[in-house]
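Visitor: Have a look at this one before I ask anything.
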Ligand code: 5GP
Ligand code: ZN
């Protein structure tokens, strides 16, 4: 989608530090990391927010989670733990309107989140 930052990263028009890629999914390091490990895991297909997933596209969410789980293992944050976050809309902190799963780890995580 034109003017979408993460579509630009998926198309390699905007540089990013890519951690994993396949035909449907891209994972890359966040530009402003909030933890020692902070990746974005995105579908290459443009979906603006998690609330727009449908029965046709929901399988993509599973691919994002499986990718994040695998990367957590590879990056040695699976133990003691990692956090997967999806912000939906501005009130929840969404700033980029292309579906993305935050993978955070490498430090203790507090609850509730801010
Ligand atoms: P949101 O606030 O929408 O849940 O998360 C958007 C995330 O994208 C933020 O963590 C932000 O740091 C990250 N981000 C924004 N612009 C860029 C960019 O140009 N490159 C990368 N790698 N991450 C970005
Ligand atoms: Zn997009």
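Visitor: If packing is taken as the average number of other Cβ atoms within 10 Å across a peptide's residues, how do 56-63, 40-47 rank, most packed first?
Guide: Most protected by this proxy first, the peptides run 40-47, 56-63.
Visitor: Per the Cauchy relation, a quarter of the hull surface: what is the mean projected area of the convex hull of the alpha carbons in the range 5-105, in nm²?
Guide: About 6.2 nm², averaged over all directions.
Visitor: By how many degrees, 0 to 90 and rounded to 10, does the Cα axis of helix 58-74 deviate from the longest principal axis of the chain?
Guide: Roughly 40 degrees between the two axes.
Visitor: Using helices alone, what [θ] at 222 nm do you get for the chain, with -39,500 (n - 2.57) per DSSP H run of 4 or more residues, divided over all residues and rounded to the nearest 500?
Guide: -6000 deg cm²/dmol
Read-outs throughout are calculated quantities, based only on the coordinates presented, and are distinct from any laboratory measurement. Bear in mind the structure is a predicted one, so any value in this text is a computation, not a measurement. For neighbour counting, all protein chains shown are included, and Cβ atoms are generated from backbone atoms with ideal geometry for every residue, glycine included.
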